[in-house]
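Read-outs throughout are calculated quantities, based only on the coordinates presented, and are distinct from any laboratory measurement. Since this is a predicted model, take the numbers as computed values, not measurements. FYI the Cβ positions are ideal-geometry reconstructions off the backbone, even for glycines, and counts take in every protein chain you see.
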Amino acid sequence: MRLIEKVWFEGHNAKWWLVPLMLPLTLFFWFLSSLRRNLFSAKLKESIKVDCPVVIVGNIGIGGNGKTPVVLYLVEQLAKRGVKVGVLSRGYGGKAPHYPYLLNESSSAIEAGDEPILIYQRCRVPVVVGADRIAAANFLIEQGCQIIISDDGLQHYRLKRDYELLVVDGKRLFGNGLLLPAGPLRETVSRLNEVDRIIINGGEDEHVDECLLNNKTAKHLMSLSAHRLVNLKSGESKTLTEFVHDHSTINAIAGIGDPQRFFSYLTQLGFTLDKQHGFVDHQAYSKALFDEVEKTNILTEIRPLVMTEKDAVKCKKFAEQHWWYLPVDAVFSAEDNELIITDILKLIK
């Protein structure tokens, strides 16, 4: 983990010199972001409404908070009810041949980014990427979509939204509570009072309640559930029980916002991790990179190598036979599921 992340989330001693050093930049960031938000609030800059309800799944901080599992959950739940859903994404890290770019069977993570590819391959619904979210949203409407789920984009105020779901990492929460770059936040925690619902991804209830005590927005606890592992090369699927019985000791890699969270989850599932290696979020993978990792003795044994589904979409072309990924699903209580989905269904005329 980079030193700055340790300062943000773990109170590393470097905070005593690093945070004061960055505070002037944080004040400047606050000024610019507040000015931009106020321009939209005062209607000096226009928020554009498209001819279809837009649901934002976002956060106020950087890094992986669990937005993609929430998007997958919404798409699957709405599709079960006969709603044609489209997904909009910035396509971080991708270089598409043109924008807006509608994903298809031959699309790659290099073109569209890892998360859009994951969503498309899992849900098989229209997924469009592009920095111009208005153009991308209109392109989805042309595909016949009845509702648009935006993966991230909470701060993209140019696109008028009908509903906002804010996802909070229940373990890391808001770090030191400061805006970038002295802290991990893109907006202040006061933004939580303005969204429709807050989804808390894991964490201890008591700790979460303490941090959100003064917030009146409806909150819903979410957990992540896994039931199987899938082989990158063959597509073979094994249940968790079967896999742990055959291969209780594994190696693991993760290129997400908080790799340790994935490694800890594997341990909770019953695995013993021999070697593990965390990469930066949205890591670009190559066979050469894995060869280099092996040379540094991080993955020395030919054991099953387990990774996230987000990593897997970037590794399938050069995968080895012993590489597997772990799909996870967002899980809510029956009551919370009904509240969230009913709210969103009301948006569709």
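Quick notes on this structure:
- The eigenvalues of the Cα gyration tensor, multiplied by 5 and square-rooted, give the chain an equivalent ellipsoid with semi-axes of 31, 26, 20 Å from largest to smallest.
- Computed log10 I(q)/I(0) for the range 44-96 at 0.16, 0.18, 0.30, 0.31 Å⁻¹: -0.68, -0.83, -1.23, -1.25, from the Debye equation with unit scatterers placed on every C-alpha and solvent omitted.
- Of all lysines in the structure, the ones whose alpha carbon falls short of 25 Å from that of residue 317, not counting any fewer than 8 places away in one chain, are 95, 233, 238, 275, 287, 295.
- Packing-based order for 237-245, 34-42, using average beta carbon neighbours within 10 Å, highest first: 237-245, 34-42
- Projected area, mean over directions - the range 227-327, Cα convex hull, nm²: 5.6
- Whole-Hz ³J(HN,Hα) from phi, Karplus 6.51 cos²θ - 1.76 cosθ + 1.60, for the range 6-19, glycine and proline x: 5, 5, 5, 10, 10, x, 3, 4, 5, 4, 5, 10, 6, 5
- Straight-line reach from residue 6: taking Cα to Cα under 19 Å and skipping same-chain neighbours fewer than 8 places apart, the aspartates and glutamates in range are 169, 258, 281.
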